[in-house]
Amino acid sequence: MGWLGDTVARILQVMVEAVIPAWVVPSARELTDCHWIAHTVAAEVGRACRHAEVCSILDWVTSDLPDHGTVQARVVDDDTGTIAWLIGFTGIPPIDLPRRNPDGTLYTHQQLVGEYMADKWDGPEERNAADRWARKQAARNEKLASLVPH
């Protein structure tokens with residue numbers, strides 16, 4: 001089937017059967033988003049890219065189901081940050097992911113404006129800046145989410 005076909009089969013299996021080791025910290029949704037986006041970009045760009053490396057690590061974790069100790073031993077050799085993210089050393093995913101609500105929907109423009117304005121004075125300049133930022137973030141979320149089949 002080739003590395004791309006195998007990856008698609010693995011991602012679908014993870015989504016359907018929840019083949020995720022118990023030690024994985026990110027949610028199943030985050031893991032699925034990360035796997036699909038990494039796979040999609042790697043398929044477009046080629047295997048010699050960061051996304052392909054992320055995909056390879058996610059394939060390993062979801063197919064071999066290594067124990068926490070085995071994974072932790074490999075964290076030093078992982079230049080992508082994927083393993084550190086999976087085991088909870090960092091909350092920052094190895095690639096950009098869409099921002100989602102717990103129900104899987106994307107953050108709304110209003111949620112993003114609220115986030116931006118949380119520590120700002122509520123003046124017209126700040127509201128305009130918040131609106132511009134939220135529109136940019138919402139477009140980014142839409143683009144990333146479009147890489148994940150539903």
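The table for this structure:
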quantity: Those residues of the stretch 92-150 which are in contact with a helix residue (DSSP H, G or I) (Cβ under 8 Å, 6 or more places away or on another chain) and of a type in the set (K, R), in sequence order; calculated: R99, R100, K120, R127, R135
quantity: Tally of residues being under 18 Å from A38 (Cα atoms) and out of contact with any Lys or Arg (no Cβ under 8 Å at 6 or more places or on another chain) across the stretch 59-97; calculated: 13
quantity: Residue match in the stretch 52-59 (condition: in a helix (DSSP H, G or I) and surrounded by fewer than 18 Cβ atoms within 10 Å (Cβ to Cβ)); calculated: yes
quantity: Qualifying position, being touching a Cys at 6+ places or on another chain (Cβ under 9 Å) and either at pLDDT 90 or above or not assigned by TED's automatic domain parsing to the domain that holds P21 (or both), among L65, L58; calculated: L58
quantity: Residue that is outside the structural domain of S27 (by TED's automatic domain parsing), surrounded by 13 or more Cβ atoms within 10 Å (Cβ to Cβ) and not in a helix (DSSP H, G or I), where the choices are P149, P93, P102; calculated: P93
quantity: Lone qualifier among V45, V19 - being touching a residue at least 40 places away in the same chain (Cβ under 8 Å) and more than 12 Å from the chain's Cα centre (by Cα); calculated: V19
quantity: The stretch 92-108 residues that are touching a residue at least 24 places away in the same chain (Cβ under 8 Å) and among the acidic types (D, E), paired with ones that are surrounded by 11 or more Cβ atoms within 10 Å (Cβ to Cβ) and outside any loop (DSSP other than H, G, I, E, B) (beta carbon under 7 Å, 6 or more apart); calculated: D96/L144
quantity: Matching entry among V19, V76, V45 (being within 19 Å of D96 (Cβ to Cβ), aliphatic (A, V, I, L, M) and out of contact with any Phe, Trp or Tyr (no Cβ under 6 Å at 6 or more places or on another chain)); calculated: V45
quantity: Qualifying residue in the stretch 16-35 (condition: touching a His at 6+ places or on another chain (Cβ under 6 Å) and either at pLDDT 90 or above or surrounded by fewer than 17 Cβ atoms within 10 Å (Cβ to Cβ) (or both)); calculated: yes
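The values are calculated or read from the model by the stated rules, or taken from the named source; none is laboratory data. All of these numbers come straight from a predicted model, not from anything done at the bench. Heads up, the Cβs are rebuilt from the backbone with ideal geometry, glycines too, and the neighbour counts pull from every protein chain shown.
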